[in-house]
Amino acid sequence: MKPADEDPLVAGFLRHLAHERRLSPRTLDAYRRDLRSFRHWNRCHGDLPWQRLDQAQVRAYVADQHRQGISGTTLRRRLSALRSFYRYLMREGEAKCDPARGVRAPKVARKLPGTLEVDQLQQLLDQPANTPLEIRDSAMMELVYSCGLRLAELVAIDLTDLDRREAMLEVTGKGNKTRRLPVGRKALEAVDRWLRLRGEMARPGEPALFVSRRGRRISRRSVQQRMDLLARRRGALRHLHPHLLRHSFASHLLESSGDLRAVQELLGHADISTTQVYTHLDFQHLARVYDQAHPRARRKK
């Protein structure tokens, strides 16, 4: 445990998250930072022990942070971390109530995720890849768009996770939840081209499907840089990143099928409200079509 987590209750909570809930190191770091933020504020405003804090202090913390320019999204996450912490304290008999319960962060205007049009993506993905690195990068782009993968899910794929005969991919998403995803024909073809070259780059015994020049599992940062570089070489007019491909996957699938539940399962969303943002994207598309096509909606030139 890091020295900053000298508080034994916080240290115990983080051990609980790591060993009992098996959360990832990145998630643990997020909880650590959020609790550290509140603890620092508390030390400057009375330095009360965790057991004596009440809703008034938590509300004051939220208000103070908001005045300092902290976004509603960040404050919502920090409140969630506090609630999880207090659930642990109550379970352990260290606290009688949760002072963060009922406290809400300021409302945030919901920002719709960016997407690419189908024709734009087709133009990007259909261009030939010539070098081994371009073949690898093309395979990554095709797989993210075909399966709606998160960046972390993409880099974590091992050779054994892909069943090429059944055209299925097994990935582990948030909360260590595993899901099986169908892989499209174009993505399978791109991955097959990469696999014919992978042995020249990968070190012996390396399990990762996608490897770097050094032969080890490719990093998230490298994926982001390489995808954007390849897209710009192919004439993309905007910054391309893996999440843009994931958003495009969800939007295009929903536009074609209208099946929100299926899209939720494919994306690995625990709550369907997270998936519902794509219905707004779909409505925007329909509204544009209506405005352009309906004789009583078209504006005069």
Positive end of the dipole of the chain, charges at C-beta (+1 Lys, Arg; -1 Asp, Glu), about the Cα centre: which of 144, 239, 218 has its Cα farthest in that direction? 239
Nearest 10 degrees, 0 to 90: what angle lies between the long axis of helix 55-67 and the longest principal axis of the chain (Cα atoms)? 50
With the radius of gyration and the Kirkwood radius both derived from the Cα set of the range 140-268, what is their ratio Rg to Rh? 0.96
I'd like to know which of 190, 105, 122 lies farthest towards the positive end of the charge dipole of the chain, counting +1 on Cβ of Lys and Arg and -1 on Cβ of Asp and Glu. 105
log10 I(q)/I(0), Debye, Cα-only the range 89-176, no solvent, q = 0.10, 0.21, 0.23 Å⁻¹? -0.52, -1.16, -1.25
If every Lys and Arg gets +1 and every Asp and Glu gets -1 at its Cβ, then about the Cα centre the range 3-91 yields a dipole, in debye to the nearest 20, of 340
From the coordinates shown, volume of the Cα convex hull per residue in Å³ corresponds to which of (1) 194; (2) 115; (3) 128: (1)
Would you work out the charge dipole size for the chain about its Cα centre, treating the Cβ of every Lys and Arg as +1 and the Cβ of every Asp and Glu as -1, and quote it to the nearest 20 debye? 860
Under 20 Å by backbone N from the virtual spin label 7 Å along Cα-to-Cβ at residue 178, the residues of the range 201-236 are 207-210
How large is the charge dipole for the range 189-254, taken about the Cα centre, if only the Cβ atoms of Lys, Arg (+1) and Asp, Glu (-1) carry charge, to the nearest 20 debye? 320
How do the peptides 148-161, 197-210 rank, highest first, by the average count of neighbouring beta carbon atoms within 10 Å per residue? 148-161, 197-210
Taking Cα atoms only, helix 25-43 is inclined relative to the longest principal axis of the chain by an angle, in degrees rounded to 10, of 30
Using +1 at the Cβ of each Lys and Arg and -1 at the Cβ of each Asp and Glu in the range 3-91, identify which of 13, 82, 72 lies farthest towards the dipole's positive end. 72
Under 18 Å Cα-Cα from residue 177, which aspartates and glutamates qualify once same-chain neighbours fewer than 8 residues away are excluded? 20, 153, 158, 161, 265, 271
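Just so you know, all these numbers are worked out from the coordinates, no wet-lab data involved. If you're wondering where the values come from, they're calculated on a predicted model, not measured in any experiment. Using ideal geometry, Cβ is built from the backbone for each residue, glycine included, and neighbour counts are taken over all protein chains shown.
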